[in-house]
Amino acid sequence: MNGTVYLVGAGPGDPELLTLKARRLLGVADAVVHDHLVAAEILTLIGPGAEKIFVGKKGGAFCCPQRNIEDVLIGLAREGKTVVRLKGGDPFVFGRGGEEAEALVAAGVPFEVVPGVTSALAAAAYAGMPLTHRAHSSAVVFLTGHEDPNKPDSAIHWEDYAKLGATLCIYMGMKNLETITRRLVAGGLAPDTPAAVIQSATTGAHRQFVSTLGRIALESEHAGFGAPAIVVIGAVVNLSEKLAWFAKKAASVPAVATSASEWNSTA
Ligand code: SAH
């Protein structure tokens, strides 16, 4: 009898943002297959007898081709094991959980999905940027700034997203931020639109940087920001002047943000 594979979201980093279901499954799993973005504290919740298999990739460099990860999951399930496939954030948001679920179906392995707090939601919440707000934004878009390197062209026509009046949240956007922001401006989004980078959100290393669409790429690079980070673009970013509770709590910085302000929770 095949065991079940649970595709489980580990959330953005703060272990308290794990769901109760994820926590229970970590305690009962025979094997846990995890990525590098999963916080070390969360891995301590894995039961003592469970096999831990790291299949992460770091900085875009593959440690394990996707095919091999799927084969590992299927192999463990065929041994009758209860398997947790633990992923950062939510498994179905830029996490390749969809591909893994399809492979499990094709192999006849039963699976379930446990959603997690995706990093854009968590980063915005901790940074004090309500993704929607009656006065500022009625829509949110999640985009990836880094697509499959094997794709010849970007599937994202960035210029189109300039016209939505939505809050834009960009995952994996740091490497291509200059191009992305330039294309949004070309599409008609004003260069002085508020923009932010939120790095290592919800963890002890949480940092956030507020600037404008026209300047964020250069300024955040100069300030040393990098992955893992979420880029938030839109009017709601300015609310962080008042609402940036997490970084302020840790750093006790002044409540007033300048046009280019950085708050670092470890400062
Ligand atoms: N499935 C994940 C996303 C995986 S893609 C989710 O739902 O969140 C990896 C990207 O997620 C990173 O490059 C970064 O853009 C974002 N990310 C993950 N953890 C983050 C964190 N703690 N703070 C900011 N961004 C994070």
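Results, tabulated for the structure shown:
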| quantity | calculated |
| --- | --- |
| Filter result (among the hydrophobic types (A, V, I, L, M, F, W, C) and either surrounded by fewer than 17 Cβ atoms within 10 Å (Cβ to Cβ) or at pLDDT below 90 (or both)) within region 54-71 | Phe54, Ala61, Phe62, Cys63, Cys64 |
| Residues that are without any contact (Cβ under 8 Å) to a residue 24 or more places away in the chain and within 16 Å of the ligand (Cβ to nearest atom), drawn from region 1-24 | Glu16 |
| Complete set of residues in region 79-97 that are away from the ligand (no atom under 15 Å from the Cβ) and surrounded by fewer than 20 Cβ atoms within 10 Å (Cβ to Cβ) | Glu79, Gly80, Lys81, Thr82 |
| Residue match in region 98-111 (condition: open to solvent by less than 50 Å² (accessible area, probe 1.4 Å), assigned by TED's automatic domain parsing to the domain that holds Leu17, within 16 Å of Val38 (Cβ to Cβ) and under 17 Å from the mean Cα position of the chain (by Cα)) | no |
| Residues of region 118-149 that turn out to be within 8 Å of the ligand (Cβ to nearest atom), hydrophobic (A, V, I, L, M, F, W, C) and over 16 Å from Ala166 (Cβ atoms), as a count | 2 |
| Subset tally (residues that are away from the ligand (no atom under 15 Å from the Cβ), of a type in the set (Gly, Ala, Ser) and in contact (Cβ under 8 Å) with a residue 12 or more places away in the chain) for region 60-78 | 1 |
| Residue check for Leu37: open to solvent by 70 Å² or more (accessible area, probe 1.4 Å), within 16 Å of the ligand (Cβ to nearest atom) and either in contact with a Phe, Trp or Tyr (Cβ under 7 Å, 6 or more places away or on another chain) or touching a residue at least 40 places away in the same chain (Cβ under 8 Å) (or both) | yes |
| Helices (runs of 4 or more DSSP H) wholly inside region 114-195 that include at least 3 residues being crowded, with 19+ Cβ neighbours inside 10 Å | 119-127, 177-186 |
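The values are calculated or read from the model by the stated rules, or taken from the named source; none is laboratory data. On a predicted model such as this, the values are computed, not experimentally measured, just so you know. Positions of Cβ are generated from backbone atoms using ideal geometry, with glycine treated the same way; all protein chains shown enter the neighbour counts. Ligands, DNA and RNA are excluded from the accessible area calculation, which covers all protein heavy atoms including side chains. Shrake-Rupley method; radii C 1.70, N 1.55, O 1.52, S 1.80 Å.
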